[in-house]
Amino acid sequence: MKVAPSLLSCDFSKMGEEVLRVEKGGADWIHLDVMDGHFVPNLTIGPGIIRSLRPHSSLPFDVHLMISHPLRYIDAFADAGADIITFHVEAESDILQTIEKIRSRGVRPGLVLKPATPAEAVFPYLELVDVVLVMTVEPGFGGQSFMADMMPKVRTLKQEIVSRGLPVLLEADGGISAATIAVVAEAGIDVSVSGTGIFKAPDAAAAIKALQNP
């Protein structure tokens, strides 16, 4: 299991130090949540923050765009140092154009599903993406409770990916901690995003290791 600590739950006054802390603690990716106050009811960070954090880590930056028009901002986030850019199938930008734009910038593209969106919504694009992210909370705020009823969706996606012989990684985000990781792993998730489960833990390195070895 790869683990991607979500900076949404870190100490924003020490973001560079927090990135370094989880990288030293054994994290695999760094997850960065971008919210526009329109697609979801919250505002977080933009490309300027990501650019300023990039020198603090050699880990892949996994940038999750919770914004209405992701296509408009792909260049900005690619320039800022994103290695992976995931965006929502429910967003307003054309999905194929957005995937192609991400790929053209040498960045790995991925699609994200809100809890109410069925697995089948991404089936037409599975050959074109590197990651599918299943939200296990309603996107917008950290610290929410894990939605175990999303696991049938994960299993459906896993079955489809395996049946097509694709190298697509399945990622889950929302309420993932030592208490929920076994369920996530059993369903077939490859990458777990965890915010409060890591940044609010007494020992971030121990929390990361527990998630990597469910």
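What the table below lists for this structure:
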read-out	value
Residues K2, K14, K101 arranged by fewest to most Cβ contacts within 10 Å	K14, K2, K101
Dmax and Rg, reported as Rg then Dmax, of the range 2-212 (C-alpha, Å)	15.6, 45
For the chain: relative contact order, % (alpha-carbon pairs under 8 angstrom, 6 or more apart)	22 percent
Out-of-range pairs (alpha-carbon distance over 30 Å; input K24/K101; K14/K153; K14/K101; K2/K114)	K24/K101; K14/K153; K14/K101
Order by protection proxy (mean Cβ within 10 Å, highest first), peptides 92-100, 52-60, 169-177	169-177, 92-100, 52-60
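Bear in mind that the values in this text are calculations on the coordinates, not laboratory data. This is a predicted model, so every value here is computed, not measured. Methodologically, a virtual Cβ is constructed for each residue, glycine included, from the backbone with ideal geometry; neighbour enumeration extends over all protein chains shown.
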